[in-house]
Amino acid sequence: MAAELLVIEGGTVATMDGARGPIPGTHGAEYAPGHVVVRGSRIEAVGAGPAPVRAARGGVERVDASGCLVTPGLVNTHHHLYQWVTRGLAVDEGLF
């Protein structure tokens, strides 16, 4: 059974939350180190430093994201799933 809360902490958290960003003309925030707390399928908290979560009735799963970039809410739609079909076609070919 999955834990009630997922706590990701220790990494650099970059958001696109509409606030003024760290680079002039951008929006978002950066917390290094920061935390993201997820309950079920919803992001419950994002902020600087360690997460203020101690315990939860259904348990807490903690992920150490030290050395990682955490982008809450970003869905990566770029993929190369179709390439498994053509994987072996150019194995012996040169680049140019």
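The values are calculated or read from the model by the stated rules, or taken from the named source; none is laboratory data. Here the structure is a predicted model, which means the values were calculated and not measured. Using ideal geometry, Cβ is built from the backbone for each residue, glycine included, and neighbour counts are taken over all protein chains shown.
Figures for the structure shown
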| quantity | calculated |
| --- | --- |
| For HIS27: the one exception among (1) at pLDDT 75 or above; (2) in contact with a Lys or Arg (Cβ under 8 Å, 6 or more places away or on another chain) | (1) |
| Failed item in (1) modelled with pLDDT of 85 or more; (2) part of a loop (DSSP other than H, G, I, E, B); (3) polar (S, T, N, Q), with ASN76 passing the rest | (1) |
| Residue within segment 60-72 that is at pLDDT below 90, in a loop (DSSP other than H, G, I, E, B) and out of contact with any Gly (no Cβ under 7 Å at 6 or more places or on another chain) present | no |
| Residue list for segment 33-52, filter: over 22 Å from VAL75 (Cβ atoms) and crowded, with 17+ Cβ neighbours inside 10 Å | ALA51 |
| From ALA56, ALA14, residue being modelled with pLDDT of 75 or more, assigned to a loop (DSSP other than H, G, I, E, B) and touching a strand residue (DSSP E or B) at 6+ places or on another chain (Cβ under 6 Å) | ALA56 |
